[in-house]
Every structure is written in structure tokens, then in C-alpha cells.
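Inspection log for the structure reproduced underneath, given as C-alpha cells.
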Amino acid sequence: MTETGVTGAIFMAQCLKAEGVEKVFGQCGHTNYALIDACQRLGIDYVSFRHEQQAVHAADAYYRVSKKLAVINVHLSPGLTNTVTGVASAAMDGTPMVVITGNTPSYHHPREAHQSMRLHADASQGDIFKPICKRVWRVDDAKFLPEVMHRALNIAQTGRPGAVLLDIPMDVFSQKIEAEPVTRSRRPNFPRSMGDAQGVAEAARLLAGAANPVIFAGNGVAMSGAFDELRALAELLQAPVATTLVGKGVFPETHPLSVGTTGIWGARVANDTTRNADVILAVGTAFGEADCSSWRSDHTFDIPGSTLIQIDIDPQEIGKSYPVDIGILGDAKATLAQLAETLGASPRAAEVVEAQAETVAAKKAAWREELKDTQLVDTKPIHPARLLMELSKAAPADAVFVTDVGWNKNGAGQQLEIASPAGFITSGGMATMGYSPGAAVGAKIGAPDRKVLGLVGDGGLMSVLGALTTAVELDIPVLWVLFNNFCYSTIRTVGTTYFDNKYGTEFRTPDGELYNPDFQMLAKSFGIASALIEEPDDLEAGIKAALAKDVPFLLEVRTRGDVPMPRTGYWDIADFLANGND
């Protein structure tokens with residue numbers, strides 16, 4: 001009797017194809033190669049990295065700029081464990097992601113199968129992901145794939161998006177099944193949920209009567225695609241807009257109503273404006289610690305001193321960090337439009353709007369003057385604030401900045417001016433070092449017509465050098481800007497400030513000389529064009545020349561490692577570190 005149907009691998013690839021998936025990211029292994037082959041047969045590109053973590057960061061950033069589902073396909077055990085940091089980072093920031101891993105053949109699960117995790121349960125690698133993913137499946141028979149695939153695609157992309165894991169034994173990839181691929185038309189259609197009409201009406205009343213309202217926008221605005229609705233509501237209310245770090249760019253920071261990011265390393269004008277608001281409209285934010293100065297009321301948000309209206313698609317987020325006066329469960333795009341319609345034209349009195357605008361404008365001007373103290377200095381090595389200022393001036397308005405950690409993340413969040421949606425991509429909840437190099441490749445794949453700049457420190461780059469190889473292999477023209485300061489500068493500052501010690505934070509040879517690889521030679525060995533800037537006066541021309549290149553390019557800038565981030569908010573770890581050497 002002839003066996004009919006398609007293999008489990010082909011079926012899964014058909015489902016991904018029907019979902020609109022064009023790229024799958026990962027690294028090959030013997031347990032997942034059947035799906036790699038199936039995807040290629042169906043015209044889905046496999047974007048291979050030299051390390052699985054880099055592949056996941058790339059898929060994460062690819063989604064953030066393209067809004068196309070992030071899909072990962074990796075080998076079992078070490079291949080899967082190498083993804084943990086990347087998947088956790090993506091999940092914390094709400095990226096919808098389907099992770100598919102191979103596993104040992106199902107009939108070997110009770111035995112000592114090669115590379116199988118089996119210490120507490122047979123073939124239990126998926127258990128590692130239960131705290132990270134919205135749902136984890138191990139599919140031990142291909143006949144279950146039709147039901148699992150539609151649920152996985154739904155769960156990853158609905159509600160608060162996140163990651164799901166499909167653990168597939170390699171014999172299941174090979175089994176034949178007869179089933180129609182899961183398509184969007186065969187999956188439940190969830191329309192955008194609008195807020196409760198009574199709650200929206202009460203929110204409109206409070207906002208219309210506010211003297212100093214502020215809109216606080218988070219990554220939920222980006223996930224919903226509510227950029228136009230946010231701008232329309234802000235302009236209708238003439239209310240200033242602050243954002244979270246991950247939400248940076250959801251509202252154009254070139255707009256007069258923008259006050260920048262809040263929190264520990266936020267813009268002073270944003271912290272001052274939010275702290276003195278009488279009504280705060282929060283949209284799509286979990287009020288994370290870094291955005292809220294460890295929730296200290298004298299630094300960023302004074303709640304319940306301020307009246308809080310919170311809109312979120314996830315009921316668990318509403319009222320989690322601050323007590324709410326009005327909680328509205330709904331999609332950001334639909335609910336912001338609903339709120340604007342309820343407000344009507346010119347909802348706030350002109351004299352009230354003018355008074356607030358004058359106050360905010362004065363605070364913004366004072367903040368710009370304050371930044372000049374570091375942005376205009378001519379020290380050598382170059383002050384990172386000077387580098388960020390020159391990057392902000394030279395980059396195209398629709399550029400995508402992909403940041404790592406340290407000055408190139410927190411300083412960039414505070415001081416870069418982002419004008420376009422998805423113009424700033426970073427690891428928010430996890431703050432993962434080594435995020436930028438791979439993520440920048442993914443961002444460029446997702447937005448081929450935009451200039452992508454990967455900002456990274458020397459410590460971050462050295463931890464994920466393999467990401468550069470993928471850019472060369474696929475001819476992905478990313479511009480990496482390397483902040484080379486021969487140290488982990490943020491932790492060096494912790495050591496020198498609180499412990500009078502730099503031990504373990506600087507890169508030195510046994511004789512005490514500062515040490516790093518020759519990054520120019522390193523770039524050449526990868527086949528990547530590069531340049532080195534050491535003089536502050538060379539920044540403008542050097543950055544412009546690098547931006548003009550349409551090839552993978554490494555711009556190394558020698559920066560200071562002894563300058564702390566300008567902290568305008570508060571972080572309560574200082575309370576503990578201050579007593580760390582007693």
C-alpha cells in the first residue's frame with residue numbers, strides 16, 4: 001500500500017507559508033534539517049547564524065520593523081538552550097515568535113538518546129522554556145500537528161504577543177499526514193478590541209478638564225500599529241507625550257509635543273513633565289522599573305498624586321504597578337481612535353493648553369542646554385555623548401538605530417532624536433548585552449530600504465562576533481558603530497563609584513596594558529569595510545562617509561570609559577551599592 005500525504009516537516013512549512021512567513025531564522029542540526037529543507041522547497045528563506053542567540057535577536061528585530069512573524073528553527077538541546085536569552089528577551093518585549101526545535105526520535109525518549117535532556121523527565125528540553133513562553137508543546141505524533149499549529153500561531157500573535165515553543169522529535173518531521181495547511185482563513189479572526197464605552201467617556205472627561213495632562217506611550221503602541229492614532233490624540237488634546245525606552249519612536253521626537261523617554265536614564269524634561277501631571281494617559285506600557293525610576297514618586301511618576309488612566313490589551317498589566325483611576329481593556333489602535341472620537345474637537349480650553357505648552361517648551365530648552373555640557377566637549381578619547389549627537393545629526397530621518405547596552409543603549413535612548421516608527425530597537429526587559437549585532441542584521445532584512453545602525457560596545461561585540469559573518473554571507477549592509485572604550489564602562493562606573501575598584505571591568509594584558517583586538521584588522525578578516533575615528537573633529541565627516549556606504553561596515557570610535565550615564569531619574573540599586581564595601 002502506497003503511503004500518501006505529506007511529511008510533518010512539509011505540513012509545518014505549508015502552514016508557515018500560508019501565514020505569510022518569508023524568513024525563518026536559526027542554525028542547522030541533524031534534528032531540524034528536515035524543516036530547513038521543507039522551507040526551502042516552499043520558497044521560505046532560512047537565515048542562518050553562527051550562533052542561535054544571534055539568530056533569535058535577528059528574528060526579534062526583523063519582526064519589530066516588518067511586523068512579520070518571527071520564526072526560529074534550531075537543533076535540540078545545546079541548539080535550543082543557546083536560544084534561551086534571545087527568546088526571553090523577545091518575550092519580555094512582546095514580540096510574537098514561534099520557536100521550533102528538533103528533538104530525538106520519539107521512540108528513543110525513554111533511553112539514553114544522544115543529546116537528549118532527560119535528567120528529571122524524558123525528552124524534557126521544552127520545560128526550560130515554560131517560564132518564558134506563552135505555551136510549550138511537544139508533539140510526539142504528526143497527526144497532532146494540524147491542531148497544534150493553528151493554536152501556536154494564534155497564541156503567539158494575540159492578546160499580549162509573545163513566544164511559543166514547538167518541540168518536534170525528528171521522526172515526527174518525517175511522518176506522513178493528510179491534512180490541509182492551517183491558513184489565516186481557517187484560524188479564528190480576532191477583531192481589534194475597543195474599550196468599554198463608559199470608561200472611555202470618563203477618561204475623555206478627565207482629559208478634557210486637565211490642566212497638565214501627559215500621554216505616556218509604551219511598546220504596546222508599536223505592537224498595535226497605533227502611531228497615527230497616538231499622534232492624532234496628542235494633537236487633539238495638545239498634550240505632551242513621553243515614552244518608555246522600548247516605546248521610543250512611537251511618537252516622533254521631532255514633534256513639539258514630544259518630551260522624550262522617562263526613567264532612570266530618561267530625559268529630564270520627560271521626568272519633570274510626568275511627575276507634575278495632573279492626569280496621565282498610559283497606553284501599552286507595563287510601567288517597568290527603568291522607565292519609572294524604581295517607582296519613586298519624587299523622580300518620575302507621582303501616582304496616586306496624578307490621576308491615572310491606563311489602556312492595555314492585557315488585563316494583568318492594568319493596575320499592576322500603580323493604582324488606576326480608570327482602567328480600559330482594549331487594543332491601543334482601536335481604543336485611542338475611540339477616545340479621540342469621544343473627546344470631539346478642541347476638548348481643552350485654549351488658555352490652559354497655552355500655559356502648559358509654555359512650561360514644557362521652557363523645560364525642553366533647559367534640557368537641551370544641559371546636554372551641551374557633554375555633547376560639545378572635545379576630549380580625547382571621544383565623549384560618548386558627542387558621538388551620539390553627531391549620529392543623531394547625520395542619520396536619515398527614517399534610520400533604524402539598534403542598540404546594545406550601556407551608553408549605546410541608555411545614552412542613545414536619552415539623547416538620540418527618533419522621528420520614525422521602529423526607529424529605535426533595543427532589548428528592553430532583559431537589557432541583553434550582545435543584542436545589537438544580530439538584531440541589526442534582522443532589522444535590515446525586515447527594512448531593506450532604511451539605513452540600519454547597530455550601536456554596540458566592545459564588550460558586546462566580542463560576545464557575538466559571529467553575527468558579522470551572516471551580514472557578509474547575505475550581503476546585508478548594516479553600519480555597526482563600535483563604542484570602543486576597553487572596558488565594561490557601565491559596571492566600571494559602579495565599581496569606581498561605590499567600591500573604589502575597577503577589578504574585572506577593564507580589558508588589559510597581564511602587564512596592565514589596555515587590550516582589545518585590532519578591530520580594523522578583524523573587520524578586514526571578515527571581509528567587512530571599516531574605519532577608525534579617534535579625533536572629535538573627525539566625527540562629522542567620518543559618520544557621513546560611513547552612512548554613504550551600502551555594504552556591511554564597521555565604524556570604530558574610541559570613546560571614554562570613565563564617564564557615567566547622566567542619570568536624571570533614580571535606581572534604588574544605588575541604596576544597596578552604597579553600602580556594598582562596608
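The values are calculated or read from the model by the stated rules, or taken from the named source; none is laboratory data. Owing to the predicted nature of the structure, the values given are computational and were not obtained by experimental measurement. Here Cβ is always computed from backbone atoms with ideal geometry, including for glycine, and neighbour counts include all displayed protein chains.
For region 478-498, give me the residue count where each residue is out of contact with any helix residue (DSSP H, G or I) (no Cβ under 8 Å at 6 or more places or on another chain) and either outside the structural domain of LEU391 (by TED's automatic domain parsing) or farther than 19 Å from ASP404 by Cα (or both). Break it down stepwise before answering.
Looking only at region 478-498, we keep the residues that are out of contact with any helix residue (DSSP H, G or I) (no Cβ under 8 Å at 6 or more places or on another chain), and these are 491-493, 495-496.
Those left that are additionally either outside the structural domain of LEU391 (by TED's automatic domain parsing) or farther than 19 Å from ASP404 by Cα (or both): 495-496.
Going through region 478-498 one residue at a time, the tally reaches 2.
Which ones in region 75-92 are buried (at least 24 other Cβ atoms within 10 Å of the Cβ), of a type in the set (A, V, I, L, M, F, W, C) and either part of a helix (DSSP H, G or I) or assigned by TED's automatic domain parsing to the domain that holds GLY454 (or both)?
Selection gives LEU80, VAL87, ALA90, ALA91.
Counting residues that are under 19 Å from GLY94 (Cα atoms), which strands (runs of 3 or more DSSP E) fully inside region 1-74 reach at least 1?
By residue number, 23-26, 70-74.
Do we have LYS524 as among the charged types (D, E, K, R) and within 21 Å of PRO437 (Cα to Cα) here?
yes
Of all strands (runs of 3 or more DSSP E) completely enclosed by region 119-231, which ones contain at least 1 residues that are aromatic (Phe, Trp, Tyr), in the same structural domain as GLY330 (by TED's automatic domain parsing) and modelled with pLDDT of 95 or more?
Fully inside region 119-231 and qualifying: 213-217.
Using the structure shown, decide if ASN501 is in contact with a helix residue (DSSP H, G or I) (Cβ under 6 Å, 6 or more places away or on another chain), over 20 Å from MET462 (Cα atoms), part of a loop (DSSP other than H, G, I, E, B) and in the same structural domain as ALA395 (by TED's automatic domain parsing). Please lay out each step first, then the result.
On the way: in contact with a helix residue (DSSP H, G or I) (Cβ under 6 Å, 6 or more places away or on another chain): yes; over 20 Å from MET462 (Cα atoms): yes; part of a loop (DSSP other than H, G, I, E, B): yes; in the same structural domain as ALA395 (by TED's automatic domain parsing): yes.
Here the answer is yes, as ASN501 does meet what is asked.
Testing LYS502 on (1) within 24 Å of GLY413 (Cα to Cα); (2) surrounded by 16 or more Cβ atoms within 10 Å (Cβ to Cβ); (3) basic (Lys, Arg), one condition comes back false. Which one is that?
Going through the list (1) within 24 Å of GLY413 (Cα to Cα); (2) surrounded by 16 or more Cβ atoms within 10 Å (Cβ to Cβ); (3) basic (Lys, Arg), LYS502 breaks only (1).
Of all residues in region 1-26, how many are surrounded by 24 or more Cβ atoms within 10 Å (Cβ to Cβ) and either under 23 Å from ALA439 (Cα atoms) or touching a Lys or Arg at 6+ places or on another chain (Cβ under 6 Å) (or both)?
Final tally of qualifying residues: 4.
Only one of these conditions is not met by SER185: (1) touching a residue at least 40 places away in the same chain (Cβ under 8 Å); (2) surrounded by fewer than 24 Cβ atoms within 10 Å (Cβ to Cβ); (3) among the hydroxyl-bearing types (Ser, Thr, Tyr). Which number is it?
Answer for SER185: the failing condition is (1).
Could you give me the residue pairs with C-beta distances under 8 Å whose first residue belongs to region 508-529 and is without any contact (Cβ under 8 Å) to a residue 40 or more places away in the chain, whose second residue is exposed (fewer than 12 other Cβ atoms within 10 Å of the Cβ) wherever it lies, and which are 6+ apart or on separate chains?
Matching pairs, first to second residue: TYR515/THR509.
Between LEU522, LEU474, LEU539, which is more than 22 Å from the chain's Cα centre (by Cα) and within 18 Å of LYS380 (Cα to Cα)?
Only one candidate passes the filter, namely LEU539.
I'd like to know if region 427-445 contains one or more residues that are on the phi > 0 side of the Ramachandran plot, at pLDDT 95 or above and either among the aliphatic types (A, V, I, L, M) or not assigned by TED's automatic domain parsing to the domain that holds LEU388 (or both).
Looking for residues that are on the phi > 0 side of the Ramachandran plot, at pLDDT 95 or above and either among the aliphatic types (A, V, I, L, M) or not assigned by TED's automatic domain parsing to the domain that holds LEU388 (or both), one finds none in region 427-445, hence no.
Which of the residues belonging to region 508-528 are in contact with a Lys or Arg (Cβ under 8 Å, 6 or more places away or on another chain) and either surrounded by 14 or more Cβ atoms within 10 Å (Cβ to Cβ) or aromatic (Phe, Trp, Tyr) (or both)?
TYR515
Look at MET12 and say whether it is at pLDDT below 95, among the aliphatic types (A, V, I, L, M) and under 26 Å from GLU180 (Cβ atoms).
So MET12 does not fit the description; no.
Okay, residues lined up against (1) more than 17 Å from GLY561 (Cα to Cα); (2) of a type in the set (Val, Ile, Thr):
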residue	(1), (2)
PHE401	yes, no
LYS409	no, no
MET433	no, no
SER436	yes, no
PRO448	yes, no
VAL464	yes, yes
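Could you tell me whether THR374 is buried (at least 16 other Cβ atoms within 10 Å of the Cβ) and touching a residue at least 60 places away in the same chain (Cβ under 8 Å)? So that I can check it myself, show each step before the final result.
Values: buried (at least 16 other Cβ atoms within 10 Å of the Cβ): yes; touching a residue at least 60 places away in the same chain (Cβ under 8 Å): yes.
Considered against the rule, which asks whether it is buried (at least 16 other Cβ atoms within 10 Å of the Cβ) and touching a residue at least 60 places away in the same chain (Cβ under 8 Å), THR374 comes out as yes.
Within region 64-74, track down each residue that is crowded, with 22+ Cβ neighbours inside 10 Å and under 27 Å from ASP398 (Cα atoms).
Correct list: ARG64, VAL65, LEU69, ALA70, VAL71.
Which residue is surrounded by the most Cβ atoms within 10 Å (Cβ to Cβ), if the candidates are limited to region 327-343 and must be in contact (Cβ under 8 Å) with a residue 60 or more places away in the chain and of a type outside the set (A, V, I, L, M)?
For region 327-343, the residue satisfying everything is THR335.
Could you say which residue among VAL360, VAL324 is over 30 Å from THR559 (Cα atoms) and free of Cβ contacts under 8 Å to residues at least 40 places away in the same chain?
Unique residue meeting the criteria: VAL324.
Residue check, PRO315 against (1) in a loop (DSSP other than H, G, I, E, B); (2) in contact (Cβ under 8 Å) with a residue 24 or more places away in the chain; (3) under 25 Å from the mean Cα position of the chain (by Cα); (4) surrounded by fewer than 20 Cβ atoms within 10 Å (Cβ to Cβ), all met but one. Which one?
It fails just one condition, (2).
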